[in-house]
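Everything below concerns the one structure shown next.
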Amino acid sequence: MAYDRKFIEDPILQYEIMKYLEKELDRVGLAGIDIQRTPVVTRITLVVMNPGRIIGRGGGVINRLTSTLQKEFLIQNPQISVVAVQNPSLEPRLVGKRAARMVEMGKKVRSVLHFLLRDIMANGAIGAELVISGAMSKGSRAKSMRAAAGFIPKAGDYVRLVKVAHVVSVTKFGVIGILVRIVPPGTVFPEKAEAMMALPKVIAAASQFERRPPGRGRKRRN
């Protein structure tokens, strides 16, 4: 039973840590958090837009976060590292925040979806999906709008290769939820690759069959 309890408690603790860090670092362009626990240390990697603002003067912000993780979350020997965002258009959380700001400014939701989708795909994404749910105008019922392009797995082990973020925004019409899924450039799906490799062979075989002259088929028996 002790192992079962630990199996349940570990994901809950990681979720609480992630929500705390998201709240503390929202203003510095937090794109993602990676937590790896080992018997010796807990490595926490923060992917952000402005690494300098997180590190702070003399590492003050990092020291404060480390102290909080030790005292409030009872994390032994946490080690925080900061990584700069390479491409903001390929980070789901940053895209979701951008969509939230545009909707709060009064821009049309459908236009926002298609604008951001084009921007994501123009930066080399294999696939992308954006969904905005909630009340879009005064007095309207809650509804969902979706825009998607490319290849995005929705089931199986390949789902873990998709970067996902949920963002909540409060507008004058109510609360809206924004879901962003992005398949980064260079992601390899083995089954899809095998299918793409087999496709030219199938096309070539079909072309040879079509070019076969009439009358050369199997002879009929009398």
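What about residue 124, is it modelled with pLDDT of 90 or more, on the phi > 0 side of the Ramachandran plot and not aliphatic (A, V, I, L, M)? Yes: the conditions hold for residue 124. Applying a threshold of 6 Å to beta carbon distances and a minimum spacing of six or more residues, or different chains, the list of pairs starting in the stretch 175-195 at a residue that is more than 15 Å from residue 160 (Cβ to Cβ) and ending at one that is at pLDDT below 85 reads 176/169.
Taking the criterion of being touching a strand residue (DSSP E or B) at 6+ places or on another chain (Cβ under 7 Å) and among the hydrophobic types (A, V, I, L, M, F, W, C), the residues of the stretch 69-83 that qualify are 69, 75, 80, 82, 83. The combined condition, being closer than 26 Å to residue 167 by Cβ, in contact with a strand residue (DSSP E or B) (Cβ under 7 Å, 6 or more places away or on another chain) and of a type outside the set (Lys, Arg), is not fulfilled by residue 12.
For the stretch 67-115, filtering for residues that are part of a helix (DSSP H, G or I) and touching an Asp or Glu at 6+ places or on another chain (Cβ under 7 Å) leaves 1. Residue pairs whose Cβ atoms lie under 7 Å apart, separated by 6 or more positions or on different chains, with the first residue in the stretch 139-153 and free of Cβ contacts under 8 Å to residues at least 24 places away in the same chain and the second among the small types (Gly, Ala, Ser) and in a strand (DSSP E or B), are 144/133.
If you filter the stretch 118-143 down to residues that are loosely packed, with under 13 Cβ neighbours inside 10 Å and not in a loop (DSSP other than H, G, I, E, B), you find that the one that is farthest from the chain's Cα centre (by Cα) is 143. For the stretch 37-45, state whether one or more residues are at pLDDT 80 or above, of a type in the set (S, T, N, Q), more than 29 Å from residue 185 (Cβ to Cβ) and in a strand (DSSP E or B). Looking for residues that are at pLDDT 80 or above, of a type in the set (S, T, N, Q), more than 29 Å from residue 185 (Cβ to Cβ) and in a strand (DSSP E or B), one finds at least one in the stretch 37-45, hence yes.
Out of curiosity, is residue 97 touching a residue at least 60 places away in the same chain (Cβ under 8 Å) and of a type outside the set (Gly, Ala, Ser)? Answer is yes for this residue. Kindly establish whether residue 64 is over 28 Å from residue 124 (Cα atoms), among the basic types (Lys, Arg) and in a helix (DSSP H, G or I). When the stated conditions are applied, residue 64 passes them. Only residues that are touching an Asp or Glu at 6+ places or on another chain (Cβ under 9 Å) and surrounded by 13 or more Cβ atoms within 10 Å (Cβ to Cβ) were counted in the stretch 163-175, giving 4. Listed by first and then second residue, the pairs with beta-carbon distance under 7 Å, at least 6 apart or on different chains, first residue in the stretch 12-35 and under 14 Å from residue 94 (Cα atoms) and modelled with pLDDT of 80 or more, second surrounded by fewer than 17 Cβ atoms within 10 Å (Cβ to Cβ) and not hydrophobic (A, V, I, L, M, F, W, C), are 29/50; 30/22.
Determine if the stretch 99-106 includes at least one residue that is outside the structural domain of residue 13 (by TED's automatic domain parsing), within 23 Å of the chain's Cα centre (by Cα) and of a type in the set (Lys, Arg).
Yes.
Scanning the stretch 61-100 for residues that are closer than 18 Å to residue 49 by Cα, out of contact with any Ser or Thr (no Cβ under 7 Å at 6 or more places or on another chain), exposed (fewer than 14 other Cβ atoms within 10 Å of the Cβ) and not small (Gly, Ala, Ser) turns up just one, 86.
The values are calculated or read from the model by the stated rules, or taken from the named source; none is laboratory data. Predicted, not measured: the structure shown is a model, and the values here were computed from it. We place every Cβ from the backbone using ideal geometry, glycine too, and count neighbours over all the protein chains shown.
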